[in-house]
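Read through the structure below, which is laid out as structure tokens, and then see the notes.
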Amino acid sequence: MKRPTRLGEGQKLILTANRLLDGHIVWRDAAGQWRPSITHAAQLDTDTAQTALETLDAQKEGVVGVYEVAVHPGIPPSPVSVRERIRAFGPTVHPEFATELEP
Amino acid sequence: MNAPIGHYQYDSVDRDFLAARIDEFADQVARRIDGALTEDEFKPFRLMNGLYLQLHAYMLRVAIPYGTLDSRQMRMLAEIARTYDRDYGHFTTRQNIQFNWIRLEDTPEILRRLASVDMHAIQTSGNCIRNVTSDQFAGASADELVDPRVHAEILRQWSTLHPEFTFLPRKFKLAVSGSPEDRVAARFHDVGVIARPGPDGTLFRIFVGGGMGRTPAVGKEIFDSVREEDLLATLEAILRVYNAHGRRDNIYKARIKILVEALGIDAYREAVLAELAQMDMALYRLTPDMVAAIRARFAAPDLTAPPDATATFEADRARHPAFDRWTRSNTHPHRAPGYISVTVSLKPAGGIPGDATSSQIDGLADLADSYSFGELRITHMQNVVLAHVRQDRLFDLFQALDELGLATPNVGLVSDIIACPGLDYCALANSRSIPIAQKLSARFGDPTLQEEVGRLRINISGCINACGHHHAGHIGLLGVDKRGEEFFQITLGGRSDNNAAIGEILGPALPEDDTVDAIARIVDRYLSIRELGETFLDTLSRLGDAPFREAAYETA
Ligand code: SF4
């Protein structure tokens, strides 16, 4: 089994996946809804994230490849790694494809 | 319909096969969506049909066999970009095209539309024999000895759904050339095949065990002169030895290059000969009739030009300096008098290497119809070739390309950069490749400067998988992750021609902007120390990398 992500000082975890039908990136909010914008992703500690990962049903929720991402908390939260920032905000080379963030 | 110029003409067998295959995949997609198939079960099916799940969406990689396609196929690619993607496509270093924003639901429909123009996405992924690549000037180049497309097509048919080689230890890449000058990077493929005429028919020189990736290797010659009739048997035996002995326990050690390295080329050759000795050679014999039947599916262009075609061309060059400059970098000598081959650069200064919008793709299809018998080729340098252009019409073509924003005069020069999609799109990347390519091509965008620098290739990969062929770049850049930050390792001296070599690491990796500055200093240093007529590689081999290291790491 995958080791839990190690968090730096003050960091939180959020859950992400790709939507099954179109592959688009989604983030899980506190109500368990998958949303295209990272803004309202539920910011969890390690244990809560682990429990959510173990209990959610990706197929039923219409997503694929669920995993957790370390973030600096905030609205929107800011992913720690460049990779996840690109996933959250869109490819850096096509500004017209930037992901629209919900207010 | 007449056979298309440049590629194999499908018949009803080919079309029925594609239709059945798409029905099968459509069913798999439906079962994935309704949950009957889990992602783990579905993944091998989608990969066999060229569908990846990448960073932002599904990505569909469409095969362009030996890089050649006709204008109606090109228009279909534009239509797919417009209808199902975000209005552009990305041409890859394996002469294919990728669409980065595809919906799973749409893929059966996309595949049907591709099949309507005899295209597919089979074997563009997975541990099988991938799309066979070839010389972008095949059938056109003045230096060509054998047209490699016929044998590339034979190998495509032999390898497609080959029952024994569908689950190889790892992916397997084949390239075929028929010229003395290696333009296909034959020595950097799992198997590279170079055809030449012999006294009794075509002979094939075969290299095995080349490749990029984590453990780059230059392919070694396994056979010098395989007869045409033994070509399939020999490749079959090479693959069998690999399939039987290649490592399946470690993905990083599974390519044929590792096996060739471990056994040594002589032992590998012995194993292949032993396999051949117990094969029923008659069963694998490639007969002259079979070759002729495949050759007949390729229509030949009528390459007659007016007697004054070259004179008109020379007069146009003399009148228009920008055209003259573009001609120097973006054309290649043709075998037929009065004709010339054109490479259309998809590398505008500051642009994204290999990207083309749907209107550019459509525009290129129109220009192919008007100027090159409706035929196009995609190069492993991520450019597009119009192979058969009449010299007296070249200036018109240049002007039409200019209107499409496709007349950048930089082929083979420093801003003709190969770059993989990198972290902006690729799920495996360590760093972004495109932004640094854009910065470098903008930095060296001045056409006069580029011409002065001369032949210099910069290749960029976003991770050690080396899809951007950085090992073979005269200057190679490899993206590495240093504590979450993007850094680039510089290598010098790579090349993929007849003297194929792997670039050597220059020194510690640098952050992106420092890398751009370091490369600018390397180029400046080259300009100041080269001798008359020396290319960058000449200077590097005369003086070694010390002057360039000093320049790269000098701090102001
Ligand atoms: S080299 Fe790495 S980053 Fe670039 S496309 Fe290949 S796998 Fe992705």
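The values are calculated or read from the model by the stated rules, or taken from the named source; none is laboratory data. Keep in mind that what you see is a predicted model, and the values were worked out from it rather than measured. A quick note on method: Cβ atoms are made from the backbone with ideal geometry, for glycine too, and the neighbour counts reach across all protein chains shown.
Scan the stretch B:109-130 and tell me whether some residue there is in a loop (DSSP other than H, G, I, E, B), within 13 Å of chain A (Cβ to nearest Cβ) and either in contact with a helix residue (DSSP H, G or I) (Cβ under 8 Å, 6 or more places away or on another chain) or of a type in the set (Lys, Arg) (or both). No.
Results for (1) without any contact (Cβ under 8 Å) to a residue 60 or more places away in the chain; (2) surrounded by fewer than 16 Cβ atoms within 10 Å (Cβ to Cβ), shown as yes or no for each residue.
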residue	(1), (2)
A:GLU9	yes, yes
A:TRP27	no, no
A:ALA30	yes, yes
A:THR39	no, no
A:GLN43	yes, no
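List the residue pairs whose Cβ atoms are under 9 Å apart, where the first residue sits in the stretch B:37-60 and is free of Cβ contacts under 8 Å to residues at least 40 places away in the same chain and at the interface with chain A (Cβ under 8 Å from one of its Cβ atoms), the second is outside any loop (DSSP other than H, G, I, E, B) and surrounded by fewer than 23 Cβ atoms within 10 Å (Cβ to Cβ), and the two are 6 or more positions apart or on different chains. Pairs that qualify, where the first residue is free of Cβ contacts under 8 Å to residues at least 40 places away in the same chain and at the interface with chain A (Cβ under 8 Å from one of its Cβ atoms) and the partner is outside any loop (DSSP other than H, G, I, E, B) and surrounded by fewer than 23 Cβ atoms within 10 Å (Cβ to Cβ), are B:THR38/B:ARG32; B:GLU39/A:VAL64; B:GLU39/A:GLY65; B:GLU39/B:ARG32; B:GLU39/B:LEU53. Go through the stretch B:339-354 residue by residue and tally those that are of a type outside the set (Ser, Thr, Tyr) and under 16 Å from B:PHE137 (Cα atoms). Adding up the residues that qualify gives 3.
Of all residues in the stretch A:58-103, those satisfying the criterion of being away from every other protein chain (no Cβ under 12 Å), over 11 Å from A:ILE14 (Cβ atoms) and among the hydrophobic types (A, V, I, L, M, F, W, C) are A:ILE75, A:LEU101.
The set of residues in the stretch B:143-165 being touching a Gly at 6+ places or on another chain (Cβ under 8 Å) and more than 17 Å from B:THR133 (Cα to Cα) consists of B:LEU145 alone.
In the stretch B:390-420, the residue that is nearest to the ligand (Cβ to nearest atom) out of those that are closer than 13 Å to B:LEU367 by Cβ and of a type in the set (A, V, I, L, M, F, W, C) is B:LEU406. When A:LEU7 is tested against (1) over 30 Å from B:GLY350 (Cβ atoms); (2) at pLDDT 95 or above, exactly one condition is not met: (2). Restricting the search to strands (runs of 3 or more DSSP E) fully inside the stretch B:158-231 and requiring at least 1 residues that are among the acidic types (Asp, Glu) and farther than 24 Å from B:ILE64 by Cα gives B:220-227. Restricting B:TYR252, B:TYR242 to those that are outside the structural domain of B:LEU394 (by TED's automatic domain parsing), at pLDDT below 95 and within 27 Å of the chain's Cα centre (by Cα) reduces the list to B:TYR252. Within the set B:PHE398, B:PHE373, the sole residue that is of a type outside the set (Ser, Thr, Tyr) and in contact with a helix residue (DSSP H, G or I) (Cβ under 6 Å, 6 or more places away or on another chain) turns out to be B:PHE398. Taken over the stretch B:1-55, the criterion of being assigned to a loop (DSSP other than H, G, I, E, B) and under 27 Å from the mean Cα position of the chain (by Cα) is satisfied by B:ALA3, B:PRO4, B:GLY6, B:HIS7, B:TYR8, B:GLN9, B:TYR10, B:ASP11, B:ASN49, B:GLY50, B:GLN54, B:LEU55. For the stretch B:421-478, filtering for residues that are in a loop (DSSP other than H, G, I, E, B) and within 16 Å of the ligand (Cβ to nearest atom) leaves 19. Determine whether the stretch B:466-478 contains at least one residue that is farther than 23 Å from B:GLN382 by Cβ and in contact with a Lys or Arg (Cβ under 8 Å, 6 or more places away or on another chain). No, the stretch B:466-478 has no match at all. I want to confirm something. Restricting to the stretch B:479-509 and keeping residues that are closer than 16 Å to B:GLY462 by Cβ and without any contact (Cβ under 8 Å) to a residue 24 or more places away in the chain, which single residue is nearest to the other protein chains (Cβ to nearest Cβ)? The qualifying residue nearest to the other protein chains (Cβ to nearest Cβ) is B:GLY484. For beta carbons closer than 6 Å, sequence separation of 6+ or different chains, a first residue in the stretch B:456-468 that is at positive phi and a second that is assigned to a loop (DSSP other than H, G, I, E, B) and more than 7 Å from the ligand (Cβ to nearest atom), the qualifying pairs are B:ALA466/B:MET212; B:ALA466/B:GLY213.
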